[in-house]
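Reviewing the structure listed below.
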Amino acid sequence: MSGGEEDTGGDKTVSFAPEEEKSAKVLQQKLSMLQKEHELQCVSNSLSFPKPVARLVFWTRPKQRQRWGDVDSHCHINWGDLFFDLFYVASALNLSYVLFYSPSAEGVLYFTGLFGPILLEWFQTTFFDARFVWGDDPFHRMFEIVHLCALSFAAVHIRPVSTMTDPTQVEMFDYSLAVTGLALLNMYRSIEVMLTVDGEDAAKRGEKRRLIDFFVQLSFYLAAAVKSGITYYGSKSADENDFGNRGLESLTNACSRILNLAPERDLAAEVAVEKDHIPIILCLCGWSSTVVFYLFRCYFFEKKFGWHKKYNVPMNIEFLIHRYGELVMLLLGESVLSILIVSSINTVEYHVTFYAAIVSIVLLQYSHYKYQPHSPREHACRRSLRGSVTHYAIMIVYCHALVAVGTAYKMFLSTYEVEASLKNNDLRHLVTTLMSRNLAGAADKTKFTTFEHKAATANLFCISMAIVWLCLEFMWISHVGRAKYWAFVKTKQGIFCDVLRTIGVCFMGTISYYTVEPEWVTLIGLLGICFEIVTTVITRYFWDKQFGDFEDDDDGHWPNVTEPDSVPNEHVDEHDDQA
């Protein structure tokens, strides 16, 4: 028969020439490798399009992704991960209004108390996805839907400080209930892994410890829910008509202050509402205590007593790098929204501030990805345990600062909008503008045109931008390691670079001492960011001359390109301390 086929009893056997047979073997090996990679492929347990299955299985066991010493399989971020991130875009936008209407210590308290629980939820979900994978079964899909509902319930009840502190408002109670629900869902996830995981015993032991962390969170969040619930339902019995009169009087007084129609001492006295800060303090303690205990445990006990690999399974670092990059991108996206969702004012000062803000955000994203390694072997999570947890703590602070920077830009641009309304004495336009821009609820009573408010906005911008710069520097140190960093600092070039960094951070943090005008603050801030990028370029140049291994310098990559690392790395030994 043609083509080298032989007919033997109806069974057809194919024979090949030696070259063809060798090619067939190579092809078979490649197919086998692809099949193995497909089995180990990183797919997060977020919502994604279901895959066809031979039979319907209601529930499947969670599986451990990889073992210590295994090479990271090339991971793909599915649509469900990006869909999950969308809830954080809305959360960041609502959180920006907390600082927008209260650029004060009280505003910072509520900003960190409201942002921390849901930000920690992002990290906990991402770390779980980097260690384990769920099957495509109806039970876990329903679990993900419930999880997203609880997250959205928390995000929708993030309101300005005046609303969260008002005992007659239900927002604080609803938010506390939402984060309590998230803690319960995390506890279930850990219990499921403890009882049914398809993996090593270290996975079960590790989830037992995480279950304790979730229980601590649950205790604080539940206490916040009970306290805010008692306060809310205790004040709910007040006379509704009297409450309506008080609300109308408060609105009249707020508009009068904004328009400067009467001195504050001549306004009708408002009914004092006692603020309740205990629930937000409990929420703040709930997430911060978990982070502090985790850092303390990893720094002083995990490596010393050999607990790291006994109570943990490795994360897929490539997956983690992708998810970290997407988190920063969505927070930068909140800054872009804050800048763009404002009314355009036809003045030179407004346009200077607007374009300085846009260029600054573009340069911030460039600077961020310039600092980050593009392959897992260079990341802090692969380098050491302490480097991994240090990077994790820095990322939490960094995320808070990024949202604060976007909020400051929004406040700068809104200043021109309010000033134009005051200049035209257009009460209807001002009230409409405030209500339409306030996506997170009724505005606090803020004197937008006073020098104090401009100073508060400038301080918020300068401090948050300085924190962003410091976080980038410390993240870089966590990636390269303390030993290399101190060796670099001991050289003349290293001292020169550190002096430049110190000057830049100090100058960025003190711009508000020189001027509080929005256009000048944003312009000087833009120059500060440019100075930071130049400092980074100089540092990389001297670093390469001394160590010669700052990765991806000669690849011609735009700095936000992540390079897959699916092959064994000879520089990483079997005792590598990836997180």
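The values are calculated or read from the model by the stated rules, or taken from the named source; none is laboratory data. In this text, all values refer to a predicted model and were calculated from it rather than measured experimentally. Ideal geometry is used to build each Cβ from the backbone, glycine not excepted, and the neighbour counts take in all protein chains shown. Quick note on the areas: whole protein, heavy atoms, side chains included, nothing else; ligands and nucleic acids left out. Shrake-Rupley method; radii C 1.70, N 1.55, O 1.52, S 1.80 Å.
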| task | Enumerate the amide H contacts of Asp198 below 5 Å, restricted to partners 5 or more residues apart or on another chain; note that Pro and chain-start residues carry no placed amide H. | result | Lys63, Gln64
| By per-residue mean of other Cβ atoms within 10 Å, what is the highest-first order of 201-212, 217-228, 128-139? | 217-228, 128-139, 201-212
| task | Just order 319-331, 378-390, 288-300 by mean Cβ neighbour count inside 10 Å, highest at the front, would you? | result | 378-390, 319-331, 288-300
| Cα shape, the range 151-190, gyration tensor, a/c 1.5 rule | prolate
| field | J(HN,Hα) series, the range 525-540, from Karplus relation 6.51 cos²θ - 1.76 cosθ + 1.60, nearest Hz, glycine and proline x | value | x, 5, 5, x, 5, 4, 4, 5, 5, 4, 4, 5, 5, 5, 4, 4
| message | Taking the solvent-accessible surface of protein heavy atoms with a 1.4 Å probe, what is the per residue accessible area of the range 105-150 in Å²? | response | 25
| field | Accessible surface of Ile280 - all protein chains present, 1.4 Å probe, nearest 10 Å² | value | 0
| query | Which cross-chain or sequence-distant (5 or more) residues have an amide H under 5 Å from the amide H of Phe132, H modelled 1.01 Å from N in plane? | reply | Arg65
| request: Order the following by accessible area, largest value first: His391, His351. Probe radius 1.4 Å; ligands, DNA and RNA are ignored. | output: His351, His391
| said: I'd like to compare 90-102, 509-521: which one has the highest average count of other Cβ atoms within 10 Å, and what's the full order after that? | reply: 90-102, 509-521
| request: Any of Lys63/Lys484; Lys370/Lys410; Lys309/Lys484; Lys454/Lys492 with alpha carbons more than 32 Å apart? Name them for me. | output: Lys63/Lys484; Lys454/Lys492
| request: Kindly write out, for the range 108-122 in residue order, the coupling ³J(HN,Hα) from the Karplus curve 6.51 cos²θ - 1.76 cosθ + 1.60 (θ = phi - 60°), rounded to whole Hz, with x marking Gly and Pro. | output: 5, 4, 6, 4, 6, x, 8, 7, x, x, 7, 5, 4, 4, 4
| Tally Lys and Arg at +1 and Asp and Glu at -1 over the other residues with C-beta under 11 Å from the C-beta of Leu363: what net charge comes out? | 0
